[in-house]
1. I'd like the FRET efficiency for Ser994 and Leu773, computed as 1/(1 + (r/R0)^6) with the beta carbon distance as r and R0 of 51 Å, rounded to 0.05.
2. Give, rounded to the nearest 20 debye, the magnitude of the charge dipole that the chain has about its Cα centre when Lys and Arg contribute +1 at Cβ and Asp and Glu contribute -1 at Cβ.
3. Using the Kyte-Doolittle scale, find the helices of the chain whose mean hydropathy is at least -0.5 and whose Cα atoms extend 30 Å or more along the helix's long axis, counting only whole DSSP H runs.
4. Distance between Cα centroids, region 232-306 to region 925-982: provide it in whole Å.
5. Given the convex hull of the Cα atoms of region 953-1032, what is a quarter of its surface area in nm²?
6. Projecting each Cα onto the charge dipole of the chain (Lys/Arg +1, Asp/Glu -1 at the beta carbon, about the Cα centre), which of Leu591, Leu861, Ala97 comes out farthest on the positive side?
7. Helix-only estimate, please: 222 nm mean residue ellipticity of the chain, summing -39500 (n - 2.57) across DSSP H runs of length 4 or more and dividing by its residues, to the nearest 500.
8. Determine ³J(HN,Hα), in whole Hz, for all residues of region 209-218 in sequence, where each value follows from phi through the Karplus function 6.51 cos²θ - 1.76 cosθ + 1.60 and θ = phi - 60°; x replaces Gly and Pro.
Amino acid sequence: MTRTTALVVTAPVVTALVLADTGTRARAVESALAAAGAQTRAPDRVLVIISPRSADASPAAEGADGDDAVDPGSIAARDEVEAVLRPARPGLRAALAAAGDHLAHDLLQRESSWLWLVPAGSDPGRRCLEELTRRAAQNAHIAAAGAKRVQARDGGSGRRRGGTAADAADGLVDVGLTLTRSARVVTGVDGGEIDQGQDDWRRDVLALPMDGLLLAEDALVRVGGLDPALPDRWAVVELCHRLWRGGYRVEVVPAARALAPVRGSTGAERRANRAGRLGTALAMRRAPFAVLALLLLPLGALWRALGAVMTHSPSTILDEIVGSLRAAVAGPGIIARSARAASRARTPRSRLAPLFLPRREAVRRSLGSLWTRTLADDERSRRIRRTTWGIAGTTHGADDADFGRHTAWTLALGVLAAVGTLIGLRPLLAGGDLGGGALVPLPADWHETLETAWASWIPSGQGARVAADPLIRLLGHLPVPGPLLVETILLGAIPCAALGAWWAAGALTRAVGGRLVLSATWALAPSLLEAVAQGRWPLALVHTLLPLWALAVARAVGLPHKRSQASVSAAAGAGLLLLVIGAVQAGLVVLAAAALAIIALLVPGRRVRLLWVLVPSLALHLPYLPRYLAHPRTLLAVGAQDGIGVGTDGASTLLDALRLAPGSGWQALAGTLGADGAAWAPLLLLIPVAACALAAPFLRGDAGTVGRLAALLTALGVGAAIVTVTVPTGVVDGQVLRAPANAAMSATLLALLLGAGCMIDALARRGARMSMLRRRATALAALVIGASTAALVLGWSLALPGALEVTRGELREIPAAAADQGRSEARTRTLVLGDGAARTGAVPARLVRAGGPDATQTSALSAARDLERARAQGTDGSAKDDAAVLRTTAALLASDTDPTGLQDLAVGYVLVPGDPEQDPALITALDTSSLLEKVTQGTGGSLWRVIDQHGRATIGATAPGQPREDLAASVIDVEAPVGAAPAMRTVSLAENRSAAWRASLDGRELEPVTVDGWAQGFLVPPDASGRLVITTDAPAVRLAQLLLALALALTALVAVPWRGRAHVPEERTP
């Protein structure tokens, strides 16, 4: 049974404590004294306590800016003030101690003494003290009685005649306080609610605010006073909890009114509030649970910091961390004092459960708040979001959105784009593998891509020490088979590009016809169709993502006609898109940064958020910065792609790059337009759209501003395309290579369509005063633009199948038997002799891994090095590490019976592509070799298997000619068990010698050696055994991974579209 403590309430003596600090304005103190003096039941004493100003003090009660600070001398001269006390320390605890010392009650006096707290800025109503003392006299167990807090809804401080500001205020703040188990304050009152007595039924409450609080001095002393580690307002809440545990009652008296202070929202106050809430939660829990909560404080701080990132409130991150740190430091003392108070408690915690907010209700409120802030819309936000308008005046209202007008058009466009893709790419819908053209596939096993992504070695030929391209690092973490990813990109590029352009065009114009024109033009852009036709899937991916990136940037800064809808989330979303775009071609990040710099000049006040667009890309490319500085041409290289041969005529090369269209499909028009006309026909149909873009800068208002911006960005894109065409990036067998210009031309077209969208919206705008001449001119322009777009769609639907260079079928260069063994643990290679054509000189020879070259075997840095080395040495650019291959080939053709050369190169099969009749001497030499046995021969090529073959990694005696044992190997690393042997052994790796290789046996480093003058090897000491691990040394790879992961996590959190609302209440303070 609960034990309660009765107070002897005979002739109560009430001492009013007017609380202020050295920063409080005189007007606030004078107002509080006037309100105390106007009470219908006057206090017996009035003490003014002026404490030192705390660092966490709020500037709320400081009065008007022109007031002077409170003067203790002038306050002490007032007749109603008994004394002005100046405690040495800040805070309510020191103020109460100073008041107790001044009163110096004996025990009997203290039992009838009450303290009435009147903070400056919290003026009580005229009947406040009378109602509080009457209620205290009615129940001898009450130790704390509090007032209903109100405030003026218009922010004024007018007084009712014969009353105080509290009597005139009509805005309800709270009628007592309740808390969740985590000490979140719940008042049950909505913001802006009018006080109509709707909550005056409340009596017993868990806690009371300190404004107008009547406190029994005897009870205060018995329960131990305020906790010294908590801020004042939270200390009062915790005191109320201890009063309940001590057998007393805490009640709110709705008839008593007091003003709620208007507190600021400074960082110091938020930190104090957070620390106070956490400390109060620790104090109200049982000791074991409080200790557990104290240990979990760092996780809670991290979670709330992430929430601050998601809600785009980075300024509160420091408040969360500092507040949690303060609570963690003060936590042990709070828990200890709470445990001592619990040992003297008369009321069990379970009896106080009805005073807390039920756990189910607390969870419901939390989920409801999350739903409201992330997904739900109020009516105002809904209409703003769904009522849109074009940059030149076309509109689209919420009613149209409700009836699904644009949703229907979106679905229709998606269906039409999909059907058009099925018609245009129908040769690629058959069975078999994609191949041919410029297609560079990804490995079928995504684990191989991941292993290569962060290694400092690329598995091409005999290997090379160089980091993988950024695109491989990004794709390595996608658990998707490589062929499936490539096919998805190529087959989905056209419809996805159309939909992306449709959504992006909606930010410029709400005219359906204009959006369709812009979408069709983008989906049938020459740069995209050439990429699809040739199988250049990274460039098709870039083209697909570019309009979405432009839309995200536009929403980040708010277009001139949509400034109110600017969003930080959109900037982070643009950063994630640019991460993928820039991984394909690093120069696109530089181009995007230049475009953002131009945009930043036009959006003052919204520039800082643009940094989020660059954060993920900077994190990805930062480890490559030394490479870019040493070899700037690598910025232009396209990841996972081979270069394009540079012609001798620079002008024609530039024109070909600018045309960028697989024109062979339009050759049916050669008889009418001529060969050149048929080749340029796809681009000629874009002239009407280009004309709109050229006219856009001359428009008025926002449309003209964006049109001029589009012109600048177009010039920037053309410059990037010219640089891409004229700067070589690699060399192969004397042929200088350059990067494809598709991405730069896609960026240029995007800028052109930006201007065209402005002009199209201006043409589509209708007005009552529009002249007949303008109507006819607009109709004619629409007819021309529509007709050219329709011709473009129809022409490419018929011409694209004939323009495809990539095909589907059995296109493997390496037969399945050799390819399968190349993917096994042995990781053998295939020696390819000849090139399938008639030979006039030496036999060309090259090593091929697995099923043939793939994206993990390419590197922009390696290509740049080959080019610079070839130019420095005056060679044709042949690989410098082919000496072992050439030497082994010569020995094989000379009928050498020593298999060492083939074994050191891990050759499992020998392949001669093409018809055997083209080089019968080569076929005969291989047929007569004792090292080979013939597997198959046909018009597609001849295949031999190496009889005594070894895998990529072997171990055996150091002496030559001794038997060797294969070790299980992957694409880069080797990890296999090794047994003991009495003699020294050598681990041989069929990779070029490099200082990057590291080997250990059960954690002990092995000594590196060179095998056969070129290969990597390691010495294994006698009798040594254990787990052998061979890997490459990737400097700072962990740091690079951590940097990228942190940047991605932060940007993804910021990109969450945390929906803004007209009113989102902040966390309440007692």
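Only the coordinates and a few stated rules stand behind these numbers; no lab work does. As the structure is a computational prediction, the values presented were derived from the model and not from experiment. Virtual Cβ from ideal backbone geometry, glycine too; neighbours counted across all protein chains shown.
1. Details: r = 75 Å, r/R0 = 1.47.
For R0 = 51 Å, the calculated efficiency reads 0.10.
2. Values: 107 positive and 93 negative charges, 948 e Å.
Here the size comes out at about 4560 debye.
3. Working: long enough: 315-343 (41 Å, 0.67); 482-505 (32 Å, 1.46); 537-557 (31 Å, 1.48); 701-726 (38 Å, 1.33); 742-764 (31 Å, 1.60); 772-803 (45 Å, 1.17).
Going by DSSP H runs, the hits are 315-343, 482-505, 537-557, 701-726, 742-764, 772-803.
4. Distance between centres, Cα-based: 73 Å.
5. Values: hull surface 18.4 nm².
Mean projected area for region 953-1032: 4.6 nm², to one decimal.
6. So the residue furthest toward the plus end is Ala97.
7. Numbers: 38 runs with 496 residues, N = 1070.
Helix contribution divided over all residues of the chain: -14500 deg cm²/dmol.
8. Those phi angles translate into x, 7, 6, x, 7, 9, 10, 6, 5, 4 Hz.
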